[in-house]
Each structure stands twice: as structure tokens, then as C-alpha cells.
Amino acid sequence: MTITSNPVAVAMITFVSAALLTAVIVPLVRRLGLRWGLIDQPDARKQHTIPMVRLGGVGIVAGFALALALVWGLGWFGSLEPAKDQLIWTTLAGSLCFFVIGLGDDLFALPPLPRLAAQVAVAMAVWSQGVRIGALDLPFNPAGPGSGAIGLPDGLSLLATVIWLVGITNAINWLDGLDGLAAGVGGIAAIGLISVSFSLNQSAAGVLAAALAGACLGFLRYNFNPARIFMGDGGSYFLGFALASISIVGPAKALTTVSVLLPLLILSLPLADMSAVIMGRLSAGRSPFYPDRRHLHHRLLRAGFSHRRTVVLIYAFTQWLAALALVLANAEMRFLWLGLATAVLIGVIIVSRHQMAALVSNEEVESVAEGSPHPDSAGIEPHR
């Protein structure tokens, strides 16, 4: 018995390799970006106050791909069924295409509509190669998983798949407004997908998710506040599409029936944020692509939370949602993980409330001492 015969061991190797490789590659990308002048200049809307390289997605993609190449070299891919092997390559190809679209925006500031059209075209292409929502199977079906699946006709399957892939991708992209936010939420969601995929005996998707989680962890070494590099649209597009496609080929029955509530629950926070922002912009008579400060992290900043407290609070909610998905998937020790996740969430909320109370108290004392009005928290840390 070799180590590659144990999918969990393969996932661990992939996770650690992706984290280490990404942590090594990202500083090299940063140095090259500074040398070639590929930087994002600060302005009134942005978070950073100094020029920042925004090509960190190159490091994420490289770490992800090299970790999977290592697993491929060990021979694990050869043990997969041909259909699963094809889905892995299709997922990789689609993720790289989305990365190229985002990288083009990082380098040339592409208009929104051409980017959206390119995303839809790639999503349609991967649908044609089998990465699709072919049926809906609710995880709490009393007759058992897969017994009450509702098959979708091709037209509806295509529409659902394109909306899912493009929607998740842009939700992660829009979440990338604070240091470490998109990478952290994406990494937590990927860890949730690892657990759900293995619970449903989808080891191929589990290994893909492990590579993605490791790459996010390696990148956070340089992206958590204060960030030294940004992932850029290339990185956020790659991360979003990879999460979306893995959730289709992973939490599934026979690779065609998706237990739709599981990935939807894990990724519900960025999806809800994107939906609220779009509705708010449309109700104001503006384009859905109009840049503003309606996102959840902007609201938390305006409420007085610091940059780091905002990010950690969103992390805590995301990991609780991932634990809840494990309960729906009937994973082992699911209630233990949910209990721990709940404890973490409650702890973060309590600490945040105490820190907020202390901050408000200090500001009031300083305001009285200086004879000045109470400072307005709106406008703290503009969106980068």
C-alpha cells in the first residue's frame, strides 16, 4: 500500500506543498512586479496608501498548479476514473482561463462588459465538457441522497451552471476589498469543500480543494494586513472560479447531481453580499458595476471596526457556515466541528464588542479633553 492509495494523505501532501510553494513564489512575483512597475497606485477610493504590486494571483496559480503537478508525478491521477480525470483537467483549464481574464484587467483595465462576456464564454465551454449542474438533489431528502434528484434539461442546466460559475467568481472578486479578506474567506471555503467532498466520497474534488486551500494559506503570509502584495483580479477570478467549479464536481452524486445547498451554504456570505450590493445599486438607478462602499466590509468599517477586526469577524462567520455544511453532509464529528465553530464565532463577537466599547470610550474621553465633537467613523479606511 502506497501513500497515493490514501486520498486523505494525498490531500494533505497537496495542501502542504501548495502552501509552501506559494509562500516561496509570491515574494519573487512581488520583486518582479516592483522592478517592472506593475503596481496599483493609491487613490481616494482605495485602501492602500503606497503603490502595491497586484499580481499576487500569479503566485497563487503557480503554487496551486505545482502542487497538483507533484501529485500527478506521484501517480495519483492515474488511479482516478477517466470521467473524474477529465473533470479535473476541465476545472484546471477553466480556472486558468478566468485567471487570464483577470490578469488582462490588472494589466490593461478592461471594461466590465467584455470581461463578463469572456467569463460567460468560458463557463459555457466548461459546461460542454461536463462541469455542470445536471440535477438538483437536496441533502435533507428523507428518501436518501440521490433518490429524489430533479434532472435539469440542457438549457436550464447551462443557465444554472453559468450563473453559478460567473456569480461565485464575481462574488469573490468583489470581496477582495480588504487585506487578506478574499484569500482568507476563499481558503476557509476551500477547507469546507475538502471536508464535504471527502464525506461524499469525491476524493478528486477534495484534492483540488486542498491545493486551493494551501495556496490561499501561503498567499496570506504576505496579504494579511498590512499587505505587501495584492492578488489582483487575476487571483480573485482564479480563486472564485476554482471554488465554484470544485463545488460542482465535489459535493455531487455521480458527478452530475449537485447537492446544491452545501456549496451554496459555504459560499453564502460573499453571495449575499454581492446580491445586496447589486440590488442597492440598481435601486439607486446605477449600474451593477458602479463602484461604491455598500459591501459588508465597508459597513463594518463604518461601524467603527478596525481593518483586522472586520476581516477576522468575516472569517469567523465563514468558518461557522462551513461547519454547518458539514452537518448537512453528515460528515464524521460534524456536531463537534459545529460546536467548535460556534464557540469561535461567539468568542470573536464578544472580543470585538469589548474592543469596540473600549474604542468608543477612549474616543469620547479624548473628544471631551480636546473640546472637539465626537469623530465620525464614516470614511474610515476607504476601499482600495
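The values are calculated or read from the model by the stated rules, or taken from the named source; none is laboratory data. What you see is a predicted model; the values in this text were computed from it and never measured. Glycine gets a Cβ as well: all are built from the backbone with ideal geometry, and neighbour counts include every protein chain shown. Note: areas computed on protein heavy atoms with side chains; ligands, DNA, RNA excluded. Shrake-Rupley method; radii C 1.70, N 1.55, O 1.52, S 1.80 Å.
With K and R counted +1 and D and E -1, the other residues having a Cβ less than 15 Å from that of Ala62 yield a net charge of +3. Taking every protein chain into account, the accessible area of the range 64-117 amounts to 51 square angstrom per residue (probe 1.4 Å). Measuring nothing but how far apart in sequence close Cα pairs (under 8 Å, 6+ apart) lie, relative to its length, the range 155-297 scores a relative contact order of 30 percent. For the range 177-283, the per residue solvent-accessible surface stands at 24 Å², with DNA, RNA and ligands left out and a 1.4 Å probe. For a test of the definition: using alpha carbon positions, the gyration tensor, and the 1.5 limit on a/c, classify the range 279-353 as rounded, prolate or oblate. Oblate is the answer for the range 279-353, as a/c is 1.5 or above yet b/c matches or exceeds a/b.
In order along the range 127-134, the Karplus-derived 3J(HN,Hα) couplings, from 6.51 cos²θ - 1.76 cosθ + 1.60 at θ = phi - 60°, round to 4, 5, 9, x, 7, 8, 8, x Hz, and Gly and Pro are given as x. Ile278 sits among other residues whose Cβ lies under 14 Å from its own Cβ, and their net charge, with Lys and Arg +1 and Asp and Glu -1, is +1. Taking square-rooted eigenvalues a ≥ b ≥ c of the alpha carbon gyration tensor, is the range 12-130 rounded, prolate or oblate, where a/c under 1.5 means rounded and, failing that, a/b exceeding b/c means prolate? Verdict is oblate for the range 12-130.
Between Ala9 and Val100, the FRET efficiency estimated from the beta carbon spacing at R0 = 41 angstrom works out to 0.80. Protection proxy ranking, highest mean first, for peptides 183-195, 275-287: 183-195, 275-287, where packing is the per-residue count of other beta-carbon atoms within 10 Å, averaged. Each of His354, His297 has its accessible area taken with a 1.4 Å probe; listed largest first, they run His354, His297. Seen from Leu220, the other residues with C-beta closer than 12 Å to its C-beta sum to a net charge of +1, counting Lys and Arg as +1 and Asp and Glu as -1. Taking 0.36 nm per residue of separation and subtracting the current Cα-Cα distance, fully stretching the chain between Phe289 and Leu20 would add 93.3 nm. The protection proxy used here, the mean number of other Cβ atoms lying within 10 Å of each residue, ranks peptides 106-113, 315-322 as follows, highest first: 315-322, 106-113. Estimated at 0.36 nm per residue, the fully extended path between Asp154 and Leu32 surpasses their Cα-Cα distance by 39.4 nm.
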